[in-house]
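To start, the structure itself, in structure tokens.
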Ligand code: CP
Ligand code: NVA
């Protein structure tokens, strides 16, 4: 295993052993942090954080992880740089690669982050694209490992829009780690055939099981984890709400599906979540469509089965592991 100088763009580029290594490294870093043991192993390095979409968890995780590792970071917000408007990705990559030791990118198409990595000459980390959200999956799998002690054989049911960044990445991660992944959604929202075929090939080697089921009560039977995400993602047009609500309402995570799963089943969500009326968008949707919650009910979100805040904390530890491994090597 050799991590030094590598980018972290999607889980498809990493072996199961490498993914396991990063999760274990994150667990070690978490233990160190809890004990107050300093780990400024990247002292003197500098990192650029490019965000073309908004963020709370990912940005804060990168910033705190940089500080804990002894690095500085520069945050470039969705409007505050020349990227894409006055300067191409290739030129931006070559400029930032001369100044920084690593670059995080959150934005739109996966090809943008791949292009950035091609030209930067330093590690590039994917902080979310339309297609993939790989640092989120490391945090999710670390949280599952903390809860169940293993990933192998764990049945994870993803309900909702399974053909966007979260559904895609969870399927890839589950295939790599030998898990039982179920996409439970309306026929229109299953991952693309190409990605499914690629994951089925991986699953043949790892023993993973992948299923695509439209009936929530069939899909969630014996589930260890029920996972969901927003029905409309960042960057999508407001016009899609009506159709999305109609299509995905039957896939809301509620107590009926939680009680259909194992007694030990946990609820997970990458966040942010629409589970009540305490958000602007939540209230607007309530006015237009009379829904008090969307992808998950408040009852499930606030229940003891919900481990969403453990997941959110683990974003920081896993992002730190990715930066440490790719900047310093293993
Ligand atoms: N889960 C996640 O990526 O959250 P942010 O959009 O707040 O970074
Ligand atoms: N699918 C969501 C994930 C947010 C972390 C989005 O892209 O907005």
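The values are calculated or read from the model by the stated rules, or taken from the named source; none is laboratory data. Being a predicted model, the structure only gives us computed values, none of them experimental. As a convention, Cβ positions derive from the backbone with ideal geometry for all residues, glycine included, and neighbour counts pool all protein chains shown.
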Which ones in segment 18-27 are touching a helix residue (DSSP H, G or I) at 6+ places or on another chain (Cβ under 8 Å) and surrounded by fewer than 19 Cβ atoms within 10 Å (Cβ to Cβ)?
21, 27
Specify the residue that is farthest from residue 14 (Cα to Cα); the eligible residues are those in segment 127-143 that are more than 9 Å from ligand 2 (Cβ to nearest atom) and in contact with a strand residue (DSSP E or B) (Cβ under 8 Å, 6 or more places away or on another chain).
143
Return yes or no: is residue 170 part of a helix (DSSP H, G or I), within 16 Å of ligand 2 (Cβ to nearest atom) and within 23 Å of residue 108 (Cβ to Cβ)?
yes
Does segment 117-125 include one or more residues that are surrounded by 14 or more Cβ atoms within 10 Å (Cβ to Cβ), within 16 Å of ligand 2 (Cβ to nearest atom) and modelled with pLDDT of 95 or more?
yes
Go through the residues of segment 85-99 one by one and say whether even a single one is within 16 Å of ligand 2 (Cβ to nearest atom) and touching a helix residue (DSSP H, G or I) at 6+ places or on another chain (Cβ under 6 Å).
no
Under the condition of being within 16 Å of ligand 1 (Cβ to nearest atom) and at pLDDT 95 or above, which residue from segment 77-107 is surrounded by the most Cβ atoms within 10 Å (Cβ to Cβ)?
104
Those residues of segment 7-17 which are surrounded by 19 or more Cβ atoms within 10 Å (Cβ to Cβ) and under 15 Å from residue 326 (Cα atoms), in sequence order
7, 8, 9, 10, 11, 14
Is at least one residue of segment 144-156 over 23 Å from residue 211 (Cβ atoms), in a helix (DSSP H, G or I), more than 16 Å from ligand 1 (Cβ to nearest atom) and at pLDDT 95 or above?
yes
Listed by first then second residue, the pairs whose first member lies in segment 257-275 and is over 13 Å from residue 311 (Cα atoms) and free of Cβ contacts under 8 Å to residues at least 40 places away in the same chain, whose partner is part of a loop (DSSP other than H, G, I, E, B) and within 11 Å of ligand 2 (Cβ to nearest atom), with beta carbons under 9 Å and at least 6 positions apart or on separate chains, are 275/295
Hand me the list of helices (runs of 4 or more DSSP H) wholly inside segment 178-291 holding 3 or more residues that are out of contact with any strand residue (DSSP E or B) (no Cβ under 9 Å at 6 or more places or on another chain) and away from ligand 1 (no atom under 16 Å from the Cβ).
193-206, 241-248, 255-260, 280-289
So residue 66 ticks every box in (1) within 16 Å of ligand 1 (Cβ to nearest atom); (2) within 20 Å of residue 29 (Cα to Cα); (3) surrounded by fewer than 20 Cβ atoms within 10 Å (Cβ to Cβ) but one. Which box is left unticked?
(3)
Taking interchain pairs and intrachain pairs at least six residues apart, which have beta carbon atoms under 7 angstrom, with the first residue in segment 46-67 and within 17 Å of residue 138 (Cβ to Cβ) and the second within 13 Å of ligand 1 (Cβ to nearest atom) and in a strand (DSSP E or B)?
55/106; 58/106; 59/49; 59/51; 59/75; 62/49; 62/104
Counting just the residues of segment 299-323 that are in a helix (DSSP H, G or I) and over 19 Å from the mean Cα position of the chain (by Cα), which one comes out farthest from residue 32 (Cα to Cα)?
299
Checking the condition over 27 Å from residue 129 (Cα atoms), touching a helix residue (DSSP H, G or I) at 6+ places or on another chain (Cβ under 7 Å), surrounded by fewer than 22 Cβ atoms within 10 Å (Cβ to Cβ) and at pLDDT 95 or above, which residue from 247, 224, 263, 215 passes?
224
